[in-house]
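**Q** Take a look at the following structure, please.
Bear in mind these aren't lab numbers, they're just calculated from the coordinates by the rules spelled out. All of these numbers come straight from a predicted model, not from anything done at the bench. Positions of Cβ are backbone-derived with ideal geometry, glycine not excepted, and every protein chain shown enters the neighbour counts.
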């Protein structure tokens, strides 16, 4: 029974902030890879911008490939959309299969009247990165270069 309770506690977690020197280290959880990818994006953008008053207005079709780095490629693509278009991801409909991610990310565009920039995140790094499955729960660690 103890393991079941531990799994239930992990299921409720989406991500957790961990101490790291000058950067931000996140540990992310998900019941599926798709949920883990969504939780990772939500976790990163919680540090970047406060857009609570804005709803998802438009969707972006996403198609990303990568061997062991699919999660990092996905997150860096979202950071690129933020840097170039002010796009803030809010909702995710993703499909992860082997070395490819496809789907739609719905979000809004930064509006200085309704949004507040909190912190710059330059990139998601490969330093201390891992993605694994333990007891039916997916877990990843990423470090954000701030």
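**Q** Within a 10 angstrom radius of the beta carbon, how do 49, 124, 146 rank from fewest other beta carbons to most?
**A** Working: 49 18, 124 25, 146 14.
Ascending number of Cβ neighbours within 10 Å: 146, 49, 124.
**Q** Where does helix 70-85 land angle-wise versus the long Cα axis of the chain, in degrees 0 to 90, nearest 10?
**A** Result, in degrees: 10.
**Q** Determine, from the Cβ-Cβ distance of residue 123 and residue 102 and an R0 of 30 Å, the FRET efficiency 1/(1 + (r/R0)^6), rounded to the nearest 0.05. Walk me through the intermediate numbers first.
**A** Numbers: r = 23 Å, r/R0 = 0.76.
Using R0 = 30 Å, I get an efficiency of 0.85.
**Q** Moving on to the next point. Suppose only helical runs count, i.e. DSSP H with n ≥ 4. What mean residue ellipticity at 222 nm does that imply for the chain under -39500 (n - 2.57) per run, divided by all residues and rounded to the nearest 500 deg cm²/dmol? All intermediate terms of the calculation are to be shown ahead of the outcome.
**A** Values: 3 runs with 43 residues, N = 146.
When only DSSP H runs of four or more count, the value is -9500 deg cm²/dmol.
**Q** Could I ask something else about it? Can you tell which of 60, 14, 128 shows the greatest fluctuation in a Gaussian network model of the chain with Cα springs below 10 Å?
**A** Sorting by GNM fluctuation, first place goes to 128.
**Q** Return one number: the angle in degrees, 0 to 90 and rounded to the nearest 10, between the long axis of the Cα atoms of helix 2-12 and the longest principal axis of the Cα atoms of the chain.
**A** Roughly 10 degrees, rounded to the nearest 10.
**Q** Separate question: If the elastic network links every pair of Cα atoms under 10 Å, which of 104, 84, 32 fluctuates the most in the Gaussian network model of the chain?
**A** For the chain, modelled as a Gaussian network with Cα springs under 10 Å, the answer is 84.
**Q** Can you give me the angle between helix 33-48 and the longest principal axis of the chain, using Cα atoms only, in degrees from 0 to 90, rounded to the nearest 10?
**A** 50 degrees
**Q** Now for a different question. Out of 52, 77, 91, any idea which swings most in a Gaussian network model of the chain, alpha carbons joined below 10 Å?
**A** In the Gaussian network model the winner is 52.
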